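The values are calculated or read from the model by the stated rules, or taken from the named source; none is laboratory data. Not measured: the values here are computed from a predicted model. Please note: Cβ atoms are built from the backbone with ideal geometry, for glycine as well, and neighbour counts cover all protein chains shown. These area figures cover heavy atoms from the full protein model, side chains too; ligands, DNA and RNA do not enter into them. Shrake-Rupley method; radii C 1.70, N 1.55, O 1.52, S 1.80 Å.
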Amino acid sequence: MEQPIRMKNNGQINIVFNAENRKSLQKDLPVKELLVQEIPHQHVALKEIEDELKALVGMEEMKRMIKEIYAWIYINKQRESRGLKTGRQALHMMFKGNPGTGKTTVARLIGKLFQKMNVLSKGHLIEAERADLVGEYIGHTAQKTRDLIKKAIGGILFIDEAYSLGRGGEKDFGKEAIDTLVKHMEDRQHEFILILAGYSREMDYFLSLNPGLYSRFPLVVDFPDYTIDQLMEIADLMLQEREYVMSRDAERKLKEHLIVLRSFGGPVSFSNGRYIRNVIEKSIRAQAMRLLIEDTFEKVDLLTLTSQDLIFEDDMKE
């Protein structure tokens with residue numbers, strides 16, 4: 001008998017098996033197909049995080065990875081309860097990509113998920129950069145780094161632009177910070193999670209600075225730049241959240257601006273989602289000033305950003 005297939009509103013396919021054929025059918029499902037099936041109702045923690053992930057544009061690799069990590073941890077607990085061997089893999093991660101591609105947002109979500117799963121006792125996120133780890137004299141850096149790790153115990157230590165720790169050469173105190181991190185990643189690997197983030201090329205070089213670094217990051221995730229259409233989708237979501245809409249002329253103007261910026265400035269010249277947020281916020285202020293001067297306060301006017309309201313960074317420099 002053929003199995004009924006139900007298409008949900010969000011595009012996921014929920015296959016309903018009858019008891020007779022369930023085992024054989026599940027065995028034949030490829031991994032990619034399994035990942036899009038509806039998660040069983042008892043996995044509340046994952047479903048809650050999934051709901052938050054759905055609000056994020058793109059990042060399909062990260063969404064898939066979070067499901068796989070959840071499944072691996074959950075199945076290990078099931079194996080342990082039945083007396084089977086389990087492995088406690090370190091969950092330190094490396095996020096590679098340009099600014100504004102959602103790395104910090106995803107780190108926070110991972111912290112929440114791992115706290116719900118009792119992998120982390122607190123699930124909090126400590127954000128740091130070079131200045132938070134590197135000291136001014138011998139021994140100072142190691143102490144600052146240890147203090148930061150202590151604050152992160154039970155949660156995630158997220159170090160952005162981590163490659164800057166290796167830019168100063170052999171005599172730079174950044175190397176001391178790297179060595180201290182490597183030691184504690186091993187000694188306390190199940191007490192906290194370290195996530196290093198930065199540009200892809202710089203992070204590849206950074207890994208080469210300490211022979212122990214590469215093997216300690218089993219999870220390396222690339223955060224690609226958003227496409228133009230994804231950036232427009234981000235803009236639309238931000239506007240919906242603030243109860244605004246763009247006129248058609250405004251949408252066209254923004255899209256043309258992004259195309260030019262991407263074509264001539266390169267992907268590193270602006271910060272993806274962060275750039276869109278800045279444009280939206282500046283344009284909302286510009287709209288407020290325009291309506292104030294025009295003395296126009298009809299609902300449609302209060303809701304709508306027009307093309308003349310859109311403010312770009314180049315406009316601010318003129």
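The table below gives the values:
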{"quantity": "Loop sites in segment 170-222: chymotrypsin sites (Phe, Trp or Tyr not before Pro), DSSP, at most 14 other Cβ within 10 Å", "calculated": "none"}
{"quantity": "Carbon + sulfur, % of accessible area of segment 207-289 - ligands and nucleic acids excluded, 1.4 Å", "calculated": "52"}
{"quantity": "3J(HN,Hα) from dihedral phi, segment 184-199, Karplus parametrisation 6.51/-1.76/1.60, rounded to Hz, x for glycine, proline", "calculated": "6, 4, 7, 5, 10, 5, 9, 9, 8, 10, 9, 10, 9, 9, x, 4"}
{"quantity": "Selection of GluC sites (Glu not before Pro), segment 214-312, meeting DSSP coil and at most 15 other Cβ within 10 Å", "calculated": "GLU243, GLU298"}
{"quantity": "Distant-in-sequence amide H partners of MET93 (H built 1.01 Å from N, under 5 Å)", "calculated": "LEU194, ILE195, LEU196"}
{"quantity": "Descending principal axes extents, segment 129-226, alpha-carbon based, whole Å", "calculated": "40, 32, 25"}
{"quantity": "Long pairs among LYS63/LYS282; LYS103/LYS253; LYS85/LYS183; LYS54/LYS299; LYS122/LYS144; LYS150/LYS183, criterion Cα-Cα beyond 25 Å", "calculated": "LYS63/LYS282; LYS103/LYS253; LYS85/LYS183; LYS54/LYS299"}
{"quantity": "Which of SER164, SER200 is most accessible, then next, and so on - probe 1.4 Å", "calculated": "SER200, SER164"}
{"quantity": "Radius ratio Rg over Rh of segment 178-256, counting only Cα atoms, Kirkwood formula for Rh", "calculated": "1.24"}
{"quantity": "Å² per residue, accessible surface of segment 176-318 at 1.4 Å", "calculated": "57"}
{"quantity": "Accessible area, probe 1.4 Å, largest first, for residues MET203, MET232", "calculated": "MET232, MET203"}
{"quantity": "Using alpha carbons only: equivalent-ellipsoid semi-axes of segment 211-291, gyration tensor based, whole Å", "calculated": "32, 15, 11"}
{"quantity": "Backbone HN-Hα couplings from phi across segment 116-126 [Karplus 6.51/-1.76/1.60, Hz, Gly and Pro as x]", "calculated": "5, 8, 6, 6, 10, 6, 10, x, 6, 10, 9"}
{"quantity": "Solvent-accessible surface (1.4 angstrom probe) belonging to ASP132, in square angstrom, nearest 10", "calculated": "70"}
{"quantity": "Area accessible to solvent at LYS255, 1.4 Å probe radius, in Å²", "calculated": "80"}
{"quantity": "Kirkwood Rh in Å, taken over segment 71-174 so that all alpha-carbon pairs contribute", "calculated": "15.8"}
{"quantity": "Neighbourhood charge, 15 Å Cβ-Cβ cut-off, centred on ASP160 and excluding it, Lys, Arg +1 and Asp, Glu -1", "calculated": "+1"}
{"quantity": "Environment charge at ALA55 (Cβ cut-off 15 Å; Lys +1, Arg +1, Asp -1, Glu -1)", "calculated": "-1"}
